[in-house]
1. Quick one: which of Ala20, Ala32, Ala49 is at pLDDT 95 or above and buried (at least 17 other Cβ atoms within 10 Å of the Cβ)?
2. Consider only pairs whose beta carbons are under 8 Å apart and that are at least six residues apart or on different chains; among these, list those whose first residue lies in region 7-21 and is farther than 10 Å from Gln71 by Cα and in contact (Cβ under 8 Å) with a residue 40 or more places away in the chain and whose second residue is acidic (Asp, Glu) and surrounded by 15 or more Cβ atoms within 10 Å (Cβ to Cβ).
3. Suppose we keep only residues that are aliphatic (A, V, I, L, M) and more than 17 Å from Val63 (Cβ to Cβ) within region 1-17. Which one would you say is surrounded by the most Cβ atoms within 10 Å (Cβ to Cβ)?
4. Run down Thr6, Thr75 and say which single residue is modelled with pLDDT under 95 and in contact with a Leu (Cβ under 8 Å, 6 or more places away or on another chain).
5. Take region 54-74 and flag every residue that is of a type in the set (Gly, Ala, Ser) and touching a residue at least 12 places away in the same chain (Cβ under 8 Å).
Amino acid sequence: MPCMETREVLARNLRRYRSASGLSQEELAALAEVDRTYISALERSVYAASVDVLGRIAKALGVEASDLLSQPAPTKLGDNP
């Protein structure tokens, strides 16, 4: 499987952590002090986040910034979760 682009990795992880936290885009945006449309754009891989914004989003989600940029683990053919 080819490596995902950084924006795609961020988008996938951001959606996953936000959903797991039970936060709406609007709630996360308020906690991270950004606009809701910015969270939406990040989740759609439209924008790239600055290090400062990435840090605020991670703090609001209760994770490390590096968690938001971590590539998903490769899966072996035939593995069934």
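1. Residue meeting the stated conditions: Ala32.
2. Pairs found: Leu14/Glu43; Arg18/Glu43.
3. Here the residue is Met4.
4. Selected residue: Thr6, the only one of Thr6, Thr75 that is modelled with pLDDT under 95 and in contact with a Leu (Cβ under 8 Å, 6 or more places away or on another chain).
5. Selection gives Ala60, Gly62, Ala65, Ser70.
The values are calculated or read from the model by the stated rules, or taken from the named source; none is laboratory data. In this text the structure is predicted, and so the values were computed from the model without any measurement. Here Cβ is always computed from backbone atoms with ideal geometry, including for glycine, and neighbour counts include all displayed protein chains.
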